[in-house]
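Since the structure comes first, as structure tokens, the remarks are kept for the end.
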Amino acid sequence: MARSLLSTEADLWSRSGDDTMTRRAFLGLIGLLTTYGLGVNAALAAWGLRTGFQPGLVLYIAILVLPFAGIFLARRAQSLPMQLVAYHLILVPFGLLLGPILQAYIHVGGMALVSRALLLTGATCGIMMLLGFSYPQVFSRLGGVLFASLLALIIVRVIGIFVPALGNAEWVDWLAAGIFTLYVGYDCYRAMNIPATGRNAVDLAISLYLDILNLFLTILRLLGRRD
């Protein structure tokens, strides 16, 4: 849910500077940074599965806190190097958490369950990226709706901690899947329209990374309900 902290985006639309680049280079940098983040997560998850990594209480708390610190830093950073530091504060902790999460799902449904989730996530993201680039007039209207929906989802998730019937409700997972699916398309629309600067590229890469990661985990949870 750290994604919500990136949704106040007014500065992205007005940001300019010496790191302005061509739109093609901008899109390429976003793709490179997003792929890099997912690759780091895959490597850390594979390491966690291989070693049976399970964080202790102190490390677990640190892993949960660091991504929020990274997102806060990314929003406040005035230089590209500091934004890249912030990106790593986000992706490394999440990568460390992936190993134990995947272990639990593999125990339930085997590696085939994870493979199906990866395939569905990749296909969904590919379709939404194409739609985001092709229909900007549609996605340009979704920013406020998606932000409000995400805040509502966070509230439901928090209440679900204390109300198990709500926390385990399948419709909540479908709602989450819909929100993060639309966010992929929305962030691709933004990539075509906001100023093409290095700092904006990192911000959008972080957003897309979180969209894809959250969508994957939600799809994994939905598939896990069937096994």
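Among the residues of segment 156-209, which ones are outside any helix (DSSP H, G or I) and under 19 Å from G224 (Cβ atoms)? Give the derivation first.
Applying the first criterion (outside any helix (DSSP H, G or I)) to segment 156-209 yields 163, 168-169, 192-197.
Correct list: N168, A169.
Only one residue in V40, V85, V92 is under 18 Å from A205 (Cβ atoms), in contact with a His (Cβ under 9 Å, 6 or more places away or on another chain), touching a residue at least 12 places away in the same chain (Cβ under 8 Å) and hydrophobic (A, V, I, L, M, F, W, C), so which one is that? Let's see the steps before the verdict.
Values: V85 fails: in contact with a His (Cβ under 9 Å, 6 or more places away or on another chain); V92 fails: in contact with a His (Cβ under 9 Å, 6 or more places away or on another chain).
So the residue among V40, V85, V92 that is under 18 Å from A205 (Cβ atoms), in contact with a His (Cβ under 9 Å, 6 or more places away or on another chain), touching a residue at least 12 places away in the same chain (Cβ under 8 Å) and hydrophobic (A, V, I, L, M, F, W, C) is V40.
Pick from L113, L146: which is touching a Phe, Trp or Tyr at 6+ places or on another chain (Cβ under 7 Å), farther than 24 Å from S207 by Cβ and assigned to a helix (DSSP H, G or I)? Steps first, answer last, please.
Details: L146 fails: farther than 24 Å from S207 by Cβ.
Selected residue: L113, the only one of L113, L146 that is touching a Phe, Trp or Tyr at 6+ places or on another chain (Cβ under 7 Å), farther than 24 Å from S207 by Cβ and assigned to a helix (DSSP H, G or I).
Only one of (1) under 21 Å from R226 (Cβ atoms); (2) of a type outside the set (D, E, K, R); (3) more than 16 Å from the chain's Cα centre (by Cα); (4) at pLDDT 95 or above is not met by V85, so which one is it?
Checking V85 against (1) under 21 Å from R226 (Cβ atoms); (2) of a type outside the set (D, E, K, R); (3) more than 16 Å from the chain's Cα centre (by Cα); (4) at pLDDT 95 or above, the one that fails is (1).
Can you tell me which residues in segment 47-58 are on the phi < 0 side of the Ramachandran plot and either of a type in the set (S, T, Y) or in contact (Cβ under 8 Å) with a residue 12 or more places away in the chain (or both)?
To start, the set of residues in segment 47-58 that are on the phi < 0 side of the Ramachandran plot comprises 47-51, 53-58.
Within segment 47-58, W47, G48, L49, T51, F53, Q54, P55 qualify.
If you take the residues in segment 170-227 that are among the basic types (K, R) and within 16 Å of the chain's Cα centre (by Cα), which one is farthest from P100 (Cα to Cα)? Break it down into steps so the answer makes sense when it comes.
Filtering segment 170-227 for residues among the basic types (K, R) gives 190, 199, 221, 225-226.
Add one more test, that the residue is within 16 Å of the chain's Cα centre (by Cα), and what stays is 190, 221.
Details: R190: 33, R221: 14 Å.
Ranking the qualifying residues of segment 170-227, first place goes to R190.
Let me confirm something: among L32, L38, L64, which residue is within 18 Å of the chain's Cα centre (by Cα) and exposed (fewer than 13 other Cβ atoms within 10 Å of the Cβ)?
Working: L38 fails: exposed (fewer than 13 other Cβ atoms within 10 Å of the Cβ); L64 fails: exposed (fewer than 13 other Cβ atoms within 10 Å of the Cβ).
Matching residue, one of L32, L38, L64: L32.
The values are calculated or read from the model by the stated rules, or taken from the named source; none is laboratory data. Note that this is a predicted model, so its numbers are computed, not measured. Neighbour counts run over all protein chains shown; Cβ positions are idealised from the backbone, glycine included.
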